[in-house]
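The structure appears below as structure tokens.
The values are calculated or read from the model by the stated rules, or taken from the named source; none is laboratory data. Just so you know, these numbers come straight off a predicted model, no measurement behind them. All Cβ positions, even for glycine, are placed from backbone atoms using ideal geometry, and neighbour counts span all protein chains on display. Please note that ligands, DNA and RNA were not included when accessible areas were found on the heavy atoms of the full protein model with its side chains. Shrake-Rupley method; radii C 1.70, N 1.55, O 1.52, S 1.80 Å.
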Amino acid sequence: LSGDGAQALAERGVTYVDGTQITEMARSIKSRDEIDLMRWTIRVCEAGMARIYAHSQPGVTERELWAHLHFENARSGGDWLETKLLTCGQRTNPWYQECSDRVCKLGEMISFDTDMIGPYGYCADISRSWTCGDSPMTDTQRRLYDTALEQIHHNLALVRPGTSFEEFNEQSWQIPEEYVPYRYSLAVHGVGMADEWPVIPLHVDWGSGAMSGRFEPGMVVCVESLIAEMGSESIKLETQVLITETGCERLDSFPFE
């Protein structure tokens, strides 16, 4: 790019783009109508999450739990789900195994990532973890969960308009060494009609290919955490936020444990 286009991108902190990134950047700032539609999609998604929570009892299978999210999406005119990421117990680690006929047992961790393309084609990308049967967490489960929450809250506080992705990376939560092999590779990513630009790696995966840019009002992004260690279950948490003129607003309201 040259001329006014290059200057406009430079003012946004972007030093290099290709055709794909230009298209992604054009989608990164959401209109008021888009944000309204996304709020509705998230409400539908959280209705599905509430059904999953209510049915998270011993004897249920992973697929049966996942079907509750499909149910709420389908009956509200939603589209589809990008993944089937709901597992329980030891199947939560390593992450990215999809749901199966595995039966959930009392006290096991149930972890999921919605990746739901809902009504009007907008995405609700939210993750939660909780124990089967409302069982109190074990000491290990609680320690991992508290660590995941720490990552979410620390990085959420850095998502502010005008903050460059490089600045975010430098100040972001530093994952302890014991959790590095089981990490989620992203700290933050954009979301709209699917996962979108920007893609901000976790600090240990930051490199020469990292994107330039800065957070801007009107962007909607997801703040991620995945915490696990050798032999443990995985805690997967993710919140979807709107960047405003003064900070950020969480669009999802389903509580953490």
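Working note: Cα atoms of the stretch 44-107, range along each principal axis, descending, whole Å: 34, 23, 17. Relative to the current alpha-carbon distance between ASP134 and GLN57, full extension at 0.36 nm per residue lengthens the span by 26.9 nm.
Computed on the stretch 157-257, with alpha-carbon pairs under 8 angstrom and 6+ residues apart, the relative contact order is 29 percent.
Helical runs assigned H by DSSP (4 residues or longer) give the chain a calculated mean residue ellipticity at 222 nm of -10000 deg cm²/dmol, each run adding -39500 (n - 2.57) before division by the residue total. Taken over the chain, the ratio of Cα radius of gyration to 2.2 N^0.38 Å equals 1.02.
Starting from the Cα of GLN174, move 7 Å in the Cα-to-Cβ direction to define the label point; list residues of the stretch 215-257 whose amide nitrogen is under 11 Å from there. Output list for this probe position: empty. With one equal scatterer per alpha carbon and no solvent term, the Debye-computed log10 I(q)/I(0) for the stretch 76-173 at 0.24 1/Å reads -1.16.
In the assembled protein chains, GLU229 presents an accessible area of approximately 40 Å² (probe radius 1.4 Å). Under 21 Å of direct C-alpha separation, and excluding same-chain neighbours fewer than eight residues apart, LYS236 reaches these lysines: LYS84, LYS105.
Using a 1.4 angstrom probe on the protein heavy atoms only, line up LYS236, LYS105, LYS84 by accessible area, largest first.
Values: LYS236 0, LYS105 120, LYS84 90 Å².
Largest to smallest exposure gives the sequence LYS105, LYS84, LYS236.
With both labels modelled 7 Å from their Cα along Cα-to-Cβ, the ASP36 to GLU167 distance reads 3.3 nm.
Give the carbon-plus-sulfur fraction of the accessible surface of the stretch 145-257 in %, rounded to a whole number; probe 1.4 Å, heavy atoms of protein chains only.
50
Between THR246 and ARG102, what FRET efficiency follows from the Cβ-Cβ distance if R0 is 45 Å, with the result rounded to 0.05? The calculated FRET efficiency here is 0.50.
Put simply, the convex hull of the Cα atoms in the stretch 128-206 casts, on average, a shadow of 6.8 nm².
Entry comment: accessible area of the chain is 43 Å² per residue, from protein heavy atoms only and a probe of 1.4 Å. With the alpha-carbon atoms of the stretch 106-256 aligned to their principal axes, the span from lowest to highest coordinate is 44, 38, 25 Å, starting with the largest.
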